[in-house]
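> One structure coming up, written as structure tokens, with questions to follow.
Read-outs throughout are calculated quantities, based only on the coordinates presented, and are distinct from any laboratory measurement. Please read all numbers here as calculations on a predicted model, not as lab measurements. Heads up, the Cβs are rebuilt from the backbone with ideal geometry, glycines too, and the neighbour counts pull from every protein chain shown.
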């Protein structure tokens, strides 16, 4: 081993995030119908609802072939595995958004997209490790003297 550590995080679907996406898109669709009560307003609202369902399907429920199913973190960067089996390494942007409920990782090269991971997509310790990596760019470690014998 070359001294660098890595951590593989397997994401699971988030029904709460999917529900939030669908409900928020439905609220936006209702606002459009209230402001524009015509055939074009209803058509736009239906398209917005469909967009919300598609986002929930691919981003929260991880059912699309382009959904991120696993993240491998290391000191050198991150690689991602998609539901379709494809793997790619990407350079995360300097600005990452971290709070106690979610982590947003904007990616720059070779693809431009943002990976959003909510708290219920990972176990408690895995989510903590992802938050630390997103903030500091390093995985949490334990000094050799602290390890059990």
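> Run the helix sum for the chain: -39,500 (n - 2.57) per DSSP H stretch of 4+ residues, divided by residue count, reported at 222 nm to the nearest 500 deg cm²/dmol.
-11500 deg cm²/dmol
> If you rank 88, 17 by fewest surrounding Cβ atoms within 10 Å, what's the result? Present the calculation step by step, with values, prior to reporting the outcome.
Numbers: 88 13, 17 22.
Listed from fewest to most nearby Cβ atoms, that is 88, 17.
> Another question about this same structure. Would you mind computing Rg(Cα) / (2.2 N^0.38 Å) for region 15-60, counting N as its residues?
Its radius of gyration relative to the 2.2 N^0.38 Å reference: 1.16.
> Give me the extension gain from residue 125 to residue 82: residue separation times 0.36 nm, minus the current Cα-Cα distance, reported in nm with one decimal.
13.2 nm
> Using the count of nearby Cβ atoms within 10 Å as a rough guide to exposure, how do 91, 125, 72 rank from fewest to most?
Working: 91 12, 125 9, 72 16.
Going from sparsest to densest Cβ surroundings: 125, 91, 72.
> Further question: If you bin the C-alpha pair distances of region 51-145 every 5 Å from 0, what whole percents do you get?
Going out from 0 Å in 5 Å bins, region 51-145 shows 3, 13, 23, 26, 20, 10, 3, 2, 1, 0, 0 percent.
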